[in-house]
Amino acid sequence: MSEKKFYLDSSFEAKSINKKTNTIKIAGYANTTSRDRAGDIITAQAWAKGVDNFRRNPVLLYQHKHDCPIGRVNKIQVDKKGIFVEANVSEAAEKNHGIHTLIKDGALKSFSVGFKVKDGKYNRDSDSMLITDVELLEISVVSVPCNQDSLFSVSKSFEND
C-alpha cells in the first residue's frame, strides 16, 4: 500500500457554549463507513485499529492545517457507523479565525479526517477503494466535506438530543 495521506470528511454537532471558558463543545461522526464522494469506504474495523496513536495527541485542527490547532478531541469511539467524537473548540479559535461565529452561523459544520492507508482493496468496476486498515493522523473542522454525512445542529448540552 502506498504512503499517501487522505482527507475525508463527516458530520458533527455543536452542543454547547461554556460561558466561563468561551469554548464550544461539538460532537458527531468525524468519519462514517458510508461511501464518500471520492468513492472510498473505510470499515469500522479499520477505524478501530487506527485510532490509538491519535488518542495520544487528540488535537483538533482547522481545515487540515497543522499550524492551526483550534481545540481538543475529548472522546473518540468507534462503532458500526464510524468514528464518533466529542471535542472542545477553544476561545483562541474565535480570536484567531472566527470559528465560533462561523459554527454558530452554520458556515462550518463538518469534520474531516486525515489518515494513512495501510491496507485496502480497489474495485476497478466501481472505481472505489474498500479501506481495511488505516492510521488516523488528525481530525479537522472544515468548510467542505468529502463525506456527505456532514451536517450538524446546535443544542444546549450533551445530555439533550
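The values are calculated or read from the model by the stated rules, or taken from the named source; none is laboratory data. Because the structure is a prediction, the values reported are computed rather than measured. Please note: Cβ atoms are built from the backbone with ideal geometry, for glycine as well, and neighbour counts cover all protein chains shown. Accessible surface is based on the protein model in full, side chains and every heavy atom, while ligands, DNA and RNA are left aside. Shrake-Rupley method; radii C 1.70, N 1.55, O 1.52, S 1.80 Å.
Values for this structure:
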| item | result |
| --- | --- |
| Which numbered condition F111 misses (of (1) without any contact (Cβ under 8 Å) to a residue 12 or more places away in the chain; (2) among the aromatic types (F, W, Y); (3) closer than 13 Å to V141 by Cβ) | (1) |
| The range 18-32: number of residues that are surrounded by 14 or more Cβ atoms within 10 Å (Cβ to Cβ) and in contact with a helix residue (DSSP H, G or I) (Cβ under 8 Å, 6 or more places away or on another chain) | 5 |
| Those strands (runs of 3 or more DSSP E) lying entirely in the range 57-161 with at least 1 residues modelled with pLDDT of 95 or more, of a type outside the set (D, E) and within 17 Å of T43 (Cβ to Cβ) | 65-79, 110-123, 128-142 |
| Hits in the range 33-63 (condition: closer than 24 Å to V144 by Cα and open to solvent by 80 Å² or more (accessible area, probe 1.4 Å)) | R35, R37 |
| Every pair of residues 6+ apart whose Cβ atoms lie under 7 Å, when the first sits in the range 81-100 and is hydroxyl-bearing (S, T, Y) while the second is open to solvent by less than 10 Å² (accessible area, probe 1.4 Å) | S90/I70 |
| Flag for A107 being crowded, with 19+ Cβ neighbours inside 10 Å and either charged (D, E, K, R) or touching a helix residue (DSSP H, G or I) at 6+ places or on another chain (Cβ under 9 Å) (or both) | no |
